[in-house]
Structures are given as C-alpha cells and as structure tokens.
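Presented below is the structure to which this report refers.
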Amino acid sequence: MTYTQPQKNRAREELLAHAVAILTEKRSQAPCVRISYIRDLKRHFISEGETPNYAESSRIDNRYICEWEKMHRSTVGQKMPEDLKVCYLSGPEPMNDFKVLTDLGVRPQNIWAFESSNQQFSEALTQCCGAGFDQPKLIKMKIEKFLESVPVSFDIVYLDFCSSFISSKMSLRCVADVFRFHRLTSPGVLITNFCEADEKRICDYAEIFARYDLAKQISRNHANKFREDEFSKCIHTAEDRLKKKADFDSYYGDFITDFICNMASVIIPAQKTADPALISFLSDYSINDCAKAAESVVDAESDMLLRFLLSCNRRLQNSPLNCDNNISQRLNNDLKASSKYSALQGLQYCNALRTGLIPYRKEIDEIAKKFSGTHRFLDKPCESLYLDFAIRQLTYPMHSNPLSSIRLSYIAKSKRMFADAIVFDECRYVYDWFPAAMQGSAPLENVSWFYVFRFALDGLIKCRLETNTDYFFQGSVVSKTVEGFESSNFADRIFIS
C-alpha cells in the first residue's frame, strides 16, 4: 500500500475527525461570529457605566438582538455526521479516506472521490468494486472540471495533493475553483495537503514570499508610496533570510494558510466584482469607462493583495527569463484559469471602486457618507465600511475561522507535507442583515437595526484582522485586546512525528 504510513494515517484521521466534529457536535464553534456576540458586546458596554458607549448600546432594542440570533441560528443550522457530503481526491487507494469517513459516521452515499489518471482510476475502481455495498461515488474526471460543471456542494472538500503549493500541477487552481463555483457549503471545511517546495525552486518561492511579506508590512503601516529601488532592496534582504531552510519551511506553511484564506475572502470575490452586471448595479459608469478606470490603478494605499500582485506583475514584465516557468506567472495563471478576469484585474476594479476612480451610484454614495456621522464606539466609522459591504453582499466571500481550524505537518516518505483543515463561513448573518445597497438609509435611521449590524461586523473583523486588513478598515467597535472580543489567529502548525 502506498499511502498508509503511520504519519499519513494519523494526519488523515486527525484532519477528517476534526472536520466532522466541527460541523456536527461542535458546530456552534464553526461560525466566525458566535451567536451570543451581539448580546455579549452590549453587556460589555453596559458594564462600563455612564459613558457614551453605555448610552448608545442601551438604545438597542433587545427584540432586534433576538431577531439576529434567529437569523444566525437559521443560517448556521445543525447537522449530524450522516448529513455531511464529502468529496476527495481518490488516487489509487480511495478506501483509505473512505474508511475513516464512514467510521466517523458519514453516509457512504454522500462520499464522492475523483481520479482522472487512467491507471490510477483502474486501480481505484478495482479496490472499490471489492468493497461491496460500502463504497464512494468514484468519478473519472478532473475535480476542477467537476467543480465547474456539476451543481453540487460539499460540507468537506479534501484535496490531498502530491505537488507543492504553486506548481505545474495547477493545484492552486483547484482550490480557487472550490470558492469560485461555491462548492463548499457554509459553514464548511476545506482540507488541503501540499508537499514541500522543490529544492530547485526555493529561490523563486523566496522571492514571491518576500514580496508578499513586504506588501503586508507596508499595508499594515499604511505607507502610501514606496520607491522601487528601496522595495527591491527589501526584497533581496528578505530573500536571503528565506533561503535558509528552517525559515523557509516555516514561512511556506504560513503562506499556504494565509493565501488560501485570502483567495476565499478577497481575491475570488474581487474577480466577480469585474462582472458587468455587478458593476452596473454599483455604478452609473459605462463598462468601458470602468475598465479604463480599473486599468489606471497603479498602486494601492492599503490593499495588500493588490500591492503584492502589482509587484509580481512588474517583476514579470522586467524579467528576461522564460515566464512560463516562473512562479509568479503560475500563480497568475492558476488564479485566472476558470475566470474571465485575472486576480489583478479584479483587485484593480475593487480598488477603483473603493477610491472613487469608479464612482458608486449616487444613492449608494449618499448612504455611505452617513456612516461617518454615526457614533464611533472604538473606531470612527468611515464611508468605506458601507462601500466594502455593498461589494461583499453580492460577491459572497467565504471567511476563515482561525480558532476552529487546525494545521499539521509530517514527513511522507522523504517529503515534508503541510496539511490544513480550515473552517470557512459565508457570514450571511452579517451580509444579509441589511437589505440591498440602495436601501441602506432605513437601517441607518433605526439605531437598533444599525448597531446590531455594527456589532456583528466587529465580530467578523476580529476573525480576519490578523490575516488581511484590505477591507472593513476602521470598523471595530471594541478593542481586540478586550477579553471575549480578541482578534483570532491560527495556532502554530503541529508536527506529527
């Protein structure tokens, strides 16, 4: 047997057991915002005594909190193990994962396995046919083609790759397609497993990691501009550090987690933003004018991912090397594969909307301006809060819940593997609490309606604050250091020996 080493078995069992548990018996821990968050936050402000926050939170009618809790309960729902639908990459031994899943209570009829290789499918078919009644649906097809073509969603998607994160195998595209075609239910668990980077590509990876890390630092410090020569110098310094194996492995594992989360919550939704139908809802600009405005975006004040992809794009344009073999080019290709627009184009559209290069419709803009006149609590709310909400209500981002996710690492044969079981949530109890973008005046005039939204949004902000700050800037109503309302981050990766 090829995939039954003790470390592999333990990783498989821990990942799948965690995924099943968090979606069933521990389902209350799956949402990014817990159901008691609004009530807890109001109680916190009431406990402050005679303060402006006390006075404002006291105005919230508890009936609105109850209504939000009903919505939360309905959105999250409840499931038993036999209700879960699971898909995974088969390989030649589909019964390895299947056996673990059925032992955990997942119904055999709800389990799908995919294999496109003729030889491996033949081996997998033989193994399944010998299993009698209990066997998965074995599909001879590339999983990305299935995701694109068949309208079925899964509670658990398990992608156990034999490739590195960015490679010619296009594994990254497969992950992107899970979110692009909404094939993960909410809440749901995406399990990925990537092998370490090829020694020959470490320098290439180090460069892209350095660009990513520097873009994140600049955005967190809100540096508006940077000189290209200074940027290049910082890149080289970071590259030298990341070429050391220990530092590289640590950053590689964190980059996988970070980038998958950002694909789900920022990049894929941004690509949808460039759709003409969505643009026409948000703006009076013609499609051609929108495209020109988006193309004129050459830098970003705080958009980390846009700054990162712009940096990679400049590197490609100036590279004398064969771009087909370039890590940055592969990254771009995988992100665009099933989309009309590239990730860079999508982020440029979003930035053009957020900065006014593409003006919002008058009705939406007027509502956004009213945000800055409301009670601040912690941060003074700004127009971009509502504008960011207007985009994300329609593009259906999926947000990661770091506290309910696990990350493992182990050695398979001679390769180190990096496995993540990340819980994702569409947070529709936040995005659907308000009506559509041009109807936002009514909630702003109703304190209870509006403050429940602000409090729920604070919970979402705390859940993604350490991963990405590209949107919902200045949206916090309580400090991330207050007990019970802290920002959350992923735990360290656990090594299985």
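With the structure loaded, tell me whether residue 82 is of a type in the set (Asp, Glu), part of a helix (DSSP H, G or I), touching a Lys or Arg at 6+ places or on another chain (Cβ under 7 Å) and surrounded by fewer than 18 Cβ atoms within 10 Å (Cβ to Cβ) or whether it fails that test. Steps first, answer last, please.
On the way: of a type in the set (Asp, Glu): yes; part of a helix (DSSP H, G or I): yes; touching a Lys or Arg at 6+ places or on another chain (Cβ under 7 Å): yes; surrounded by fewer than 18 Cβ atoms within 10 Å (Cβ to Cβ): yes.
Spelling it out, residue 82 is indeed of a type in the set (Asp, Glu), part of a helix (DSSP H, G or I), touching a Lys or Arg at 6+ places or on another chain (Cβ under 7 Å) and surrounded by fewer than 18 Cβ atoms within 10 Å (Cβ to Cβ).
In region 482-497, how many residues are of a type in the set (Val, Ile, Thr), open to solvent by 10 Å² or more (accessible area, probe 1.4 Å) and more than 20 Å from residue 38 (Cβ to Cβ)?
The first filter runs over region 482-497 and keeps only residues of a type in the set (Val, Ile, Thr), leaving 482, 494, 496.
Retained after the next criterion (residues that are open to solvent by 10 Å² or more (accessible area, probe 1.4 Å)): 482, 494.
Okay, now just the ones that are also more than 20 Å from residue 38 (Cβ to Cβ), so 494.
So the count comes out to 1.
Restricting to region 23-36, name every residue that is surrounded by fewer than 23 Cβ atoms within 10 Å (Cβ to Cβ) and either over 22 Å from the mean Cα position of the chain (by Cα) or not small (Gly, Ala, Ser) (or both).
24, 25, 26, 27, 29, 34, 35, 36
State yes or no: is residue 459 more than 30 Å from residue 11 (Cβ to Cβ), assigned to a loop (DSSP other than H, G, I, E, B), open to solvent by less than 10 Å² (accessible area, probe 1.4 Å) and not β-branched (Val, Ile, Thr)? Spell out the reasoning first.
Values: more than 30 Å from residue 11 (Cβ to Cβ): yes; assigned to a loop (DSSP other than H, G, I, E, B): no; open to solvent by less than 10 Å² (accessible area, probe 1.4 Å): yes; not β-branched (Val, Ile, Thr): yes.
For residue 459, the condition - more than 30 Å from residue 11 (Cβ to Cβ), assigned to a loop (DSSP other than H, G, I, E, B), open to solvent by less than 10 Å² (accessible area, probe 1.4 Å) and not β-branched (Val, Ile, Thr) - is not met.
Are any residues in region 425-466 without any contact (Cβ under 8 Å) to a residue 40 or more places away in the chain, over 30 Å from residue 22 (Cβ atoms) and not hydrophobic (A, V, I, L, M, F, W, C), and if so, which ones?
Restricting attention to region 425-466, the residues satisfying the condition of being without any contact (Cβ under 8 Å) to a residue 40 or more places away in the chain are 435, 439, 442-443, 445-446, 453, 461-462, 465.
Right, trim to over 30 Å from residue 22 (Cβ atoms) and you get 435, 439, 442-443, 445-446.
Result: 435, 439, 443, 445, 446.
If you take just the helices (runs of 4 or more DSSP H) that sit entirely in region 1-77, which of them hold at least 2 residues that are at pLDDT 95 or above? Give the steps one after another, and end with the answer.
Numbers: elements: 6-22, 37-46, 52-57, 62-76.
Ranges flagged: 6-22, 37-46, 62-76.
For residue 249, state whether it is charged (D, E, K, R), closer than 30 Å to residue 11 by Cβ, open to solvent by less than 40 Å² (accessible area, probe 1.4 Å) and at pLDDT 65 or above.
Details: charged (D, E, K, R): yes; closer than 30 Å to residue 11 by Cβ: yes; open to solvent by less than 40 Å² (accessible area, probe 1.4 Å): yes; at pLDDT 65 or above: yes.
Yes.
Quick check on this structure: which one of 347, 394, 378 is touching a residue at least 24 places away in the same chain (Cβ under 8 Å), buried (at least 21 other Cβ atoms within 10 Å of the Cβ) and of a type outside the set (Phe, Trp, Tyr)?
Numbers: 394 fails: buried (at least 21 other Cβ atoms within 10 Å of the Cβ); 378 fails: buried (at least 21 other Cβ atoms within 10 Å of the Cβ).
Within the list 347, 394, 378, the selection yields 347.
Restricting to region 188-213, count the residues that are surrounded by fewer than 23 Cβ atoms within 10 Å (Cβ to Cβ), among the basic types (Lys, Arg) and touching a helix residue (DSSP H, G or I) at 6+ places or on another chain (Cβ under 9 Å).
Total meeting the criteria: 1.
The values are calculated or read from the model by the stated rules, or taken from the named source; none is laboratory data. What you see is a predicted model; the values in this text were computed from it and never measured. Every residue, glycine among them, receives a Cβ derived from its backbone with ideal geometry; neighbour counts consider all protein chains shown. We work out accessible area using only protein heavy atoms, side chains counted, and drop any ligands, DNA or RNA first. Shrake-Rupley method; radii C 1.70, N 1.55, O 1.52, S 1.80 Å.
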